[in-house]
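The values are calculated or read from the model by the stated rules, or taken from the named source; none is laboratory data. Fair warning: this is a prediction, and the values are worked out from it, not measured in the lab. FYI the Cβ positions are ideal-geometry reconstructions off the backbone, even for glycines, and counts take in every protein chain you see. What goes into the accessible areas is simple: the full protein's heavy atoms, side chains included, and nothing from ligands, DNA or RNA. Shrake-Rupley method; radii C 1.70, N 1.55, O 1.52, S 1.80 Å.
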Amino acid sequence: MLENVIIIGAGPAAYTAAIYTARAELKPLVFEGFLAGGIPAGGQLMTTSEIENFPGFPDGISGPELMMNMRQQALNCGARIESKTIDRAGLSDSPFLVGCETEEYQCRSLIIATGATARRLKIAGEDRLWQKGISACAVCDGALPMFRNKPLVVIGGGDSAVEEALYLSKFASKVHLIHRRESLRASKAMQKRLLENDRIEIVWNHIPVEAVGDKFLTGVKIRDVKDHSEKIIESSGLFYAVGHIPNTIFLNNQLEMDDLGYIVTRAGTTHTSKIGVFACGDVQDKRYRQAITAAGSGCMAAIDCEHFLSEE
Ligand code: FAD
Ligand code: NDP
């Protein structure tokens, strides 16, 4: 069967594109993935607690609740949603093909909204102690008994790192925030909360070099980037918050990407290098990376797609 539009992804960008294309009577088929990139359908906001900056919720809303609302709205508008992870795409000719294991689907247009996945650092001991003290999601794992009243380490200097440190400070005896520079990338509002929290200590100009421990993490070896001296911080938890990698592997370089792997879109639009293929959300945005901008670009992709199909 030839679909008008297939949407790949499950975050604010994909569900917004689904709402708009469904309301335009394009009968979108959404592949929301099954733990694609280790993230549940709903995207990155499924791994966080309170969202305070998405307009329309004056008292905030939990990330999972916001995403389940968006998903339900897409269904209510007529989108069809499949919990399958797309593992390949054929974009050389129209109709385009997308595949999932043994199944293949054809479409006249494609919207890619696959977001981004948390980056790992590949330090010594990381593979062995992953999920045995090392995590990339404090909100998912931080409340586990193994981390309660223990010293913990967070790596990074962006909003995620600050948010994770603040969250962990509710359970930990102490949180060390290790950052490779001497200023934070996080927003001023988040920095203020961090600096006011006396259970968090910032360790400037350091990087982690080894996860220490036998069966479970017991410490993190860090290195001073200036004098290269090393020391071990006692810790039961190591939480990475060092940015994300765009989820584009299934495209096998068939679209133009930038040097970090983000899909290149034509300025002010969601058009990619392939006519009829559109990209929205964090998979094409390394600058803003917010739920509201992802949702906004999902709307843009739906409108660009609708124009493309009607001109076709
Ligand atoms: P994502 O949310 O990344 O979702 C993409 C989805 O596509 C995922 O579910 C993934 O599994 C799926 N997928 C990937 N590959 C495939 C495939 N091949 N087939 C099918 N499905 C696939 N922003 C804010 O505005 N406010 C906040 O308070 C805030 N807090 C945050 C807290 C944390 C811890 C993090 C990590 C981010 C936060 N952000 C916040 C940023 C925000 O979550 C992202 O900007 C937004 O979720 C990006 O939306 P997206 O739709 O582009 O993709
Ligand atoms: P960012 O890319 O903003 O920050 C990543 C951090 O990790 C940077 O401080 C970076 O250091 C550091 N880092 C990267 N690579 C390494 C490495 N190899 N070794 C050591 N440190 C490293 O990612 P975030 O996940 O923090 O944020 C992504 C987006 O999500 C942002 O737009 C952010 O605003 C948004 N967000 C918003 C929230 C909110 O509004 N409440 C909460 C969480 C995220 P350096 O600074 O030196 O580059």
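Counting only alpha carbon atoms, the long axis of helix 63-77 and the longest principal axis of the chain meet at about 10°.
Convex hull over the Cα atoms of the stretch 1-79, averaged projected area in nm²?
5.5
Residues whose amide H comes within less than 5 Å of that of His244, counting only those at least five positions distant or on another chain, are Arg119 (H built at 1.01 Å from N in the peptide plane). Shown here for the stretch 187-241: chymotrypsin sites (Phe, Trp or Tyr not before Pro) in loop regions (DSSP other than H, G, I, E, B) with at most 14 other Cβ atoms within 10 Å, namely Phe216.
Wrap a convex hull around the Cα atoms of the stretch 245-291, take a quarter of its surface area, and give that in square nanometres.
Values: hull surface 13.6 nm².
Dividing the Cα hull surface by four gives the mean projection, 3.4 nm².
Computed over protein heavy atoms with a 1.4 Å probe, the accessible surface of the chain works out to 49 Å² per residue. When the Gaussian network model of the chain links Cα atoms closer than 10 Å, the mean-square fluctuations of Ala165, Ala13, Ala186 top out at Ala186. Label-to-label distance, Glu103 versus Lys132, with points set 7 angstrom from Cα along the beta-carbon direction: 3.7 nm. Rounded to the nearest 10 degrees, what's the angle between the helix 12-23 long axis and the longest principal axis of the chain, both from Cα atoms, 0 to 90? So the helix axis and the longest Cα principal axis differ by about 20 degrees. Taking a label point 7 Å from the Cα of Val225 along the Cα→Cβ vector, which residues of the stretch 156-175 have an amide N closer than 14 Å to it? The answer is 156-158, whose backbone nitrogens lie closer than 14 Å to the label point. For the stretch 170-209, the residues whose amide N sits under 12 Å from a probe point set 7 Å from the Cα of Asn149 along the beta carbon direction are 172-173. Counted by Cβ distance under 11 Å from Gly33, the other residues give a net charge of -2, where Lys and Arg count +1 and Asp and Glu count -1.
Given in Å, the Rg to one decimal and the Dmax to the nearest whole number for the Cα atoms of the chain are 20.8, 63. Counting only alpha carbon atoms, the long axis of helix 291-311 and the longest principal axis of the chain meet at about 20°.
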